[in-house]
Amino acid sequence: MSAVWRKDSLSTQTDTQIRAVLSGKSGRGLPRMLLFAGPAVVASIAYMDPGNFATNIQAGAKYGYGLLWVVVLANGIAMLFQALSAKLGIVTGHNLAELCRAHFPRPVVFAMWIASEIAAMATDLAEFLGGAIGLSLLFGLPLFYGMVATGIITYAILLFDKRGFRPLELIIGGLVGLIALSYVLELFVVHVDWAATAYHSVVPQLDDAQAATIAVGIVGATVMPHAIYLHSGLTQARTVVDNDADRRKLIRFSNIECIVALALAGLVNMAMLMMASGAFHDGHPDVAEIETAYHTLTPLLGAGAAGIFLASLIASGVSSSVVGTMAGQVIMQGFVGFRIPVWVRRLVTMLPAFIVVGLGIDATNALVISQVVLSFALPIPMIALLLLTRRRDVMGAFVNSRLVGWSAFVATVLVLTLNAILILQTLGVTIPGLPST
């Protein structure tokens with residue numbers, strides 16, 4: 001990501017205003033907070049990408065509100081680890097991948113890089129296909145042309161990176177707002193059982209083996225490996241300070257932003273599942289594809305609801321594809337010190353989506369499978385972040401407190417446990433309390 005801005009650029013102006021706030025010379029209330037908003041908003045798009053659409057549609061249609069607790073749990077884990085990633089970048093001036101290269105053995109670093117690149121490609125598969133599906137449905141195009149259009153739009157947005165951090169933050173923020181508004185409107189159209197929503201948001205249940213698979217997919221779609229890497233990259237050079245007092249202020253503002261941005265992302269995810277439950281669970285429980293959901297929404301709720309659904313899907317696919325490409329650059333440059341042109345990165349990460357379509361694989365099933373793949377890659381950055389943020393030689397006075405450290409440890413164990421459930425179910429092992437496949 002470029003750090004060369006013109007003196008009058010929006011990014012430079014924002015940086016100057018942030019420094020004035022840190023020095024106590026300017027700003028109060030919401031305008032002051034908005035200066036610091038950006039990194040978590042960009043990272044939050046990873047929690048509203050088309051993979052979330054696919055897993056939440058399947059979860060809501062088949063199990064009603066029963067898997068809402070997984071969304072709530074995953075979002076809580078996301079808040080914690082995104083906040084830790086942001087803190088790592090602010091305190092050290094380096095991103096997570098760079099610090100892994102500096103502090104871990106070379107074979108481990110190489111293995112982490114390969115796994116992270118696979119995760120990045122799985123991520124981009126979901127994001128790219130989602131945008132392409134939305135465009136093809138909206139304009140009646142073959143999926144291939146929807147994919148080409150998504151690639152062009154994504155690359156055009158990425159060109160704004162040359163103007164510094166602020167233009168991209170504002171573009172992604174606008175698309176996040178569009179997605180959130182779309183689902184607010186959807187909840188006014190579909191019938192929602194609010195009592196069931198409240199109950200299933202806090203009471204865990206897994207009805208069968210497929211529920212476990214979808215639950216792991218929800219975790220993989222919500223807590224994203226590339227977003228954990230990217231967040232530290234977004235904060236490492238956004239505002240560089242040279243004393244601990246200013247770092248503490250930046251971390252405080254960053255934590256507030258993480259809570260607000262990811263709470264919004266969590267509510268959008270819950271709204272996705274609630275919409276699918278209200279629209280499909282009674283009468284259409286087998287709806288499992290984005291295309292089917294769109295075509296089913298039209299007769300059930302009208303063309304307006306279906307159009308809103310498509311608008312949010314396109315915004316999600318395009319914005320998350322931009323963020324995925326940015327994350328891929330951070331991962332590659334951090335682990336191996338190698339940077340490639342953005343257009344090459346964009347082209348390479350598009351290839352899996354074209355292969356999936358060329359082989360005739362169902363696009364939505366590919367999205368769900370990609371999220372399961374992500375959930376298996378997820379423990380890698382989680383464990384690395386946990387290890388690095390507890391080291392005083394890395395974090396200095398900002399090393400994790402005992403409460404934060406144990407919370408991160410428990411969250412990592414929960415993710416590993418969900419993965420273990422999926423593996424055992426796949427192998428046909430009976431788990432007490434869960435039906436076998």
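Coordinate-derived values only; no laboratory data. This one's a predicted model, so the numbers in the text were calculated from it and none came from an experiment. Cβ atoms come from the backbone with ideal geometry, glycine included; neighbour counts cover every protein chain shown.
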Can you give the charge dipole size of the chain about its Cα centre, rounded to the nearest 20 debye, using +1 on the beta carbon of Lys and Arg and -1 on the beta carbon of Asp and Glu?
1980
Please give, to one decimal in nm, the separation of the simple spin-label points placed at Phe409 and Ile171, each 7 Å out from Cα toward the Cβ.
4.3
A correct Karplus calculation of ³J(HN,Hα) over the stretch 118-124, with 6.51 cos²θ - 1.76 cosθ + 1.60, θ = phi - 60°, whole Hz and x for Gly and Pro, returns 4, 5, 5, 5, 5, 4, 5
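Sort 131-143, 398-410, 149-161 by packing, meaning the average of other beta carbons within 10 Å per residue, with the highest value first.
On the way: 131-143: 20.2, 398-410: 14.6, 149-161: 18.0.
Descending packing order for the listed peptides: 131-143, 149-161, 398-410.
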Val21, Val415, Val184 arranged by Cβ crowding within 10 Å, fewest neighbours leading
Val184, Val21, Val415
Roughly how tilted is helix 303-336, in degrees to the nearest 10 and between 0 and 90, from the longest Cα axis of the chain?
40
Which whole-angstrom value gives the distance between the alpha carbon centres of the stretch 44-98 and the stretch 306-363?
18
Between His103 and Ala420, with labels modelled 7 Å along Cα→Cβ, what's the label distance in nm to one decimal, could you check?
2.6
For His191, His94, His200, order by how many other beta-carbon atoms lie within 10 Å, fewest first:
His191, His94, His200
Could you derive backbone 3J(HN,Hα) for the stretch 39-47 from the dihedral phi with the Karplus parameters 6.51, -1.76 and 1.60 (θ = phi - 60°), listing whole Hz in sequence and x where the residue is Gly or Pro?
x, 5, 5, 4, 5, 5, 5, 5, 9
What's the angle, to the nearest 10 degrees (0 to 90), between helix 143-158's Cα axis and the longest principal axis of the chain?
20
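Rank these for me by crowding, Tyr145, Tyr63, going from fewest to most other beta carbons within 10 Å.
Details: Tyr145 13, Tyr63 25.
The fewest-first ordering by Cβ neighbours comes to Tyr145, Tyr63.
Using only the Cα atoms of the stretch 89-165, build the gyration tensor, take square roots of its eigenvalues as a ≥ b ≥ c, and label the shape rounded, prolate or oblate: rounded if a/c is under 1.5, else prolate if a/b is larger than b/c, else oblate. Intermediate results must be reported in sequence, preceding the final value.
On the way: a/c = 4.18, a/b = 1.93, b/c = 2.17.
Since a/c reaches 1.5 but b/c is at least a/b, the shape of the stretch 89-165 is classed as oblate.
If Lys and Arg each add +1 and Asp and Glu each add -1, what is the summed charge of the other residues whose beta carbon sits under 12 Å from the beta carbon of Gly131?
Details: positive: none; negative: Asp49, Asp124, Glu127.
Within the 12 Å Cβ shell, the charges total -3.
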With Val336 itself left out, Lys, Arg at +1 and Asp, Glu at -1 over residues whose Cβ is under 14 Å from its Cβ give +2
Would you mind counting up the charge near Val241? Only other residues with Cβ under 14 Å from its Cβ, with Lys and Arg at +1 and Asp and Glu at -1.
+3
Post the alpha-carbon centroid distance, the stretch 387-411 to the stretch 239-283, in whole angstrom.
21
Calculate how steeply helix 10-22 sits against the longest principal axis of the alpha-carbon atoms of the chain, using the helix alpha-carbon long axis, and give the answer as 0 to 90 degrees to the nearest 10.
70
Could you work out how far apart the two model spin labels at Ser401 and Ala196 are, taking each label as a point 7 Å from the Cα in the direction of the beta carbon, and quote it in nm?
4.0
In 20 Å bins starting at zero, report the fraction of Cα pairs in the chain per bin as a rounded %.
27, 59, 14, 0
Put +1 on the Cβ of every Lys and Arg and -1 on every Asp and Glu Cβ in the chain; which of Ala74, Phe354, Met33 then has its Cα farthest towards the positive end of the dipole?
Met33
